[in-house]
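All remarks here apply to the structure that follows.
The values are calculated or read from the model by the stated rules, or taken from the named source; none is laboratory data. All values derive from a computational prediction rather than experimental measurement. Here Cβ is always computed from backbone atoms with ideal geometry, including for glycine, and neighbour counts include all displayed protein chains. Calculation scope for accessible area: heavy atoms of the full protein, side chains included, ligands and nucleic acids excluded. Shrake-Rupley method; radii C 1.70, N 1.55, O 1.52, S 1.80 Å.
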Amino acid sequence: MANDSLQITHTGTGKQVEYPLLKSTLGADTVEIRNLYRDLGCFTHDPGFVATASCTSKITYIDGDNGILLYRGYPIEQLAEQCQFTEVAYLLMHGELPNEKQLFDFNLEISDRAIIHESLRKFFDGFHYDAHPMAMLVGVVGSLSAFYHSEMNIKDPVQRLRAATRMIGKMPTIAAASYRHSVGRPFVYPRMDLSYCENFLNMMFSRSSQNYIDQDHYIDQDFVKALNLLFILHADHEQNASTSTVRLAASTGANPYACVAAGIA
């Protein structure tokens, strides 16, 4: 019922206050306690957000005890079996799975955004040869704000969507470049003729004398399927440490690339 509530009694003062219960679509209801300090003069203490919901989510539902994970209401088993990662990314961003044309256009945009500016690529030359790849990732992702500073208005839904799509496209390129710098191999440019996972594997493991995927040497599709599955399973991070960090940084008005860099860190 819409008027369900929870009564809290302060045993020290005897004061009783009722707080509304927010009805969930799935799972437990949530007590709205934003006026707790005003009413009873105390705060809540919940390290790790074990029993605290910090936001309303239309994306995530997870019940670890019963092995349930839903993305936008879709069971993860169904998505893992039938979808590519970019389809799931579209689902999380837009709320529905794409049709054939929408997926084609989305994949085309992702591929187009996979290219990084040559000045950005040169950033890697400034890192020591044994720098940790994740440390490089933090620095390079954060520097994207210097290249797209005119499109960082987090209150503009069009710019938010563009920043998200840009991150999906460029992250494999930046991650692969970080790895290759750490092992002393040259940078490999992204290819628009490959799928998302194929392209990432090609950028990671191509040798200078031979592409990892070419006419005579095709990657084992089991590797592609495994990576696709891994990306799908990690596409929604629910309210974990990195997600919480990104949301906290974003709540200050920081640009989206700095927020993602904070989550990587």
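Spacing of the modelled spin labels on Phe187 and Glu100, each 7 Å from Cα toward Cβ, amounts to 3.8 nm.
Explain nothing, just the number: dipole magnitude of the range 87-222 about its Cα centre with +1 on each Lys and Arg Cβ and -1 on each Asp and Glu Cβ, in debye rounded to the nearest 20.
Taking the Cα centre of the range 87-222 as origin, the dipole is about 600 debye.
What number, in percent, do you get for the relative contact order of the chain if the mean sequence gap of Cα pairs under 8 Å and at least 6 apart is divided by its residue count? All intermediate terms of the calculation are to be shown ahead of the outcome.
Working: 291 pairs, mean separation 44.4, N = 265.
Normalised by residue count, the contact order of the chain is 17 percent.
Put simply, the convex hull of the Cα atoms in the range 107-180 casts, on average, a shadow of 5.1 nm². Taking a straight line from the alpha carbon of Lys15, these aspartates and glutamates sit under 15 Å away, with near neighbours fewer than eight places off in the same chain left out: Asp39.
Between Ala241 and Leu22, 0.36 nm times their residue separation minus their Cα-Cα distance comes to what?
Working: separation 219, 0.36 × 219 = 78.84 nm, distance 2.45 nm.
In short, 76.4 nm is gained.
Taking Lys and Arg as +1 and Asp and Glu as -1, the other residues whose beta-carbon sits under 15 Å from that of Phe123 total +2.
Please list Phe187, Phe205 in order of solvent-accessible area, largest first, computed with a 1.4 Å probe with all protein chains present.
Details: Phe187 50, Phe205 80 Å².
Per-residue accessible area, sorted high to low, gives Phe205, Phe187.
Of the residues Met203, Ile59, Ala80, the one whose Cα sits farthest toward the positive end of the charge dipole of the chain, with +1 on the Cβ of Lys and Arg and -1 on the Cβ of Asp and Glu, is Met203.
For the chain, a crude dipole built from +1 on the beta carbon of Lys and Arg and -1 on the beta carbon of Asp and Glu, taken about the Cα centre, is about 920 debye to the nearest 20.
Each of Lys170, Lys101, Lys122 has its accessible area taken with a 1.4 Å probe; listed largest first, they run Lys101, Lys122, Lys170. Take every Cα-Cα pair in the range 128-239 and report what % of them are more than 25 Å apart. Distances greater than 25 Å cover 31 percent of the Cα pairs.
Kirkwood radius and radius of gyration were both taken over the C-alpha atoms of the chain, and their ratio Rg/Rh is 1.05. Here the chain has 55 percent of its accessible surface on carbon and sulfur atoms, given a 1.4 Å probe and all protein chains in place.
Specify the inter-centroid distance of the range 77-115 and the range 27-45, based on alpha-carbon positions, in whole Å. Result: 39 Å between the Cα centres. One decimal place: the segment Leu233-Asp65 gains 58.8 nm when fully extended, by the rule 0.36 nm per residue minus the C-alpha distance. Of Lys58/Lys225; Lys23/Lys155; Lys23/Lys58, which pairs sit farther than 21 Å apart, going by alpha carbon to alpha carbon? Listed pairs above 21 Å: Lys58/Lys225; Lys23/Lys155.
For the chain, what is the accessible area per residue in Å², given a 1.4 Å probe and the full set of protein chains? List each step's numbers first, then the result.
Numbers: 16190 Å² over 265 residues.
Here the per-residue accessible area is 61 Å².
Per residue, the chain reaches -13500 deg cm²/dmol at 222 nm when only DSSP H runs of four or more residues are counted, each adding -39500 (n - 2.57).
Please state the charge dipole magnitude for the range 98-149, taken about the Cα centre, from unit charges on C-beta atoms (+1 on K and R, -1 on D and E), reported in debye and rounded to the nearest 20.
Working: 4 positive and 7 negative charges, 22 e Å.
The dipole magnitude comes to about 100 debye.
Straight-distance candidates among the lysines for linking to Lys170, with alpha-carbon spacing under 18 Å and chain neighbours fewer than 8 residues away dropped: Lys122.
Sorted largest first by accessible area at a 1.4 angstrom probe radius, with every protein chain in place, the residues Arg34, Arg166 fall in the order Arg34, Arg166. Checking every one of the GluC sites (Glu not before Pro) in the range 34-128 against DSSP loop status and a limit of 13 other Cβ atoms within 10 Å picks out Glu96.
Taken over the Cα atoms of the range 69-215, the convex hull encloses 139 Å³ per residue.
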